[in-house]
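Here's the structure, in structure tokens; my notes come after.
Since every read-out is calculated from the coordinates, none of them should be taken as a lab result. Here the structure is a predicted model, which means the values were calculated and not measured. Using ideal geometry, Cβ is built from the backbone for each residue, glycine included, and neighbour counts are taken over all protein chains shown.
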Amino acid sequence: MPDKTYKMVEIVGVSDDSIQQAVRNALAKASRTLRNLDWFEVTAIRGLVRNNRDPQFQVQLKVGFRLLERDLLASLDEPTANPTSTERAERRKEEKRAGKRDKKNKGRKK
């Protein structure tokens, strides 16, 4: 039997269209930051009424994702060919810092 361990988080998806779309929105957002999403459980459905007629659907979910082995996590931490927006922002910050250090060092006499 495979050795799998899961972690659960609770999230709430929102949609003006339907309960199903609220679930899809929640899973789409969660998949941007969580790896190995394997299952979800709807724990609550509620809504908001706007302007006395317009519904907004809210669906609370428990989402399960598989925890990875340590060696696999290390390989995922290496820079990838397709960095996330956060990784790109961090790289830009580091490049900016390096550029400032270079300018400072050029002005110093040896």
* Structure fact -> Violations at 24 Å Cα threshold for listed pairs 62/93; 29/100; 29/62 -> 62/93; 29/100
* Structure fact -> Taking Cα atoms only, Rg over Rh for region 1-78 with Rh from the Kirkwood formula is 1.14
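What is the calculated FRET efficiency for residue 66 to residue 96, with r their C-beta to C-beta distance and R₀ = 22 Å, to the nearest 0.05? Before the final figure, lay out the partial values.
Working: r = 37 Å, r/R0 = 1.67.
Approximately 0.05, to the nearest 0.05.
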* Structure fact -> Listed by chain and number, the residues whose amide H is under 5 Å from that of residue 47, excluding neighbours fewer than 5 places away on the same chain and using placed H, are 58
* To do: Kindly write out, for region 18-25 in residue order, the coupling ³J(HN,Hα) from the Karplus curve 6.51 cos²θ - 1.76 cosθ + 1.60 (θ = phi - 60°), rounded to whole Hz, with x marking Gly and Pro.
  => 6, 5, 4, 5, 4, 5, 4, 4
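Between residue 51 and residue 24, what FRET efficiency follows from the Cβ-Cβ distance if R0 is 30 Å, with the result rounded to 0.05?
Values: r = 24 Å, r/R0 = 0.82.
Here the calculated transfer efficiency is 0.75.
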* To do: Show me 15-27, 41-53 ranked by packing, highest mean number of other Cβ atoms within 10 Å first.
  => 15-27, 41-53
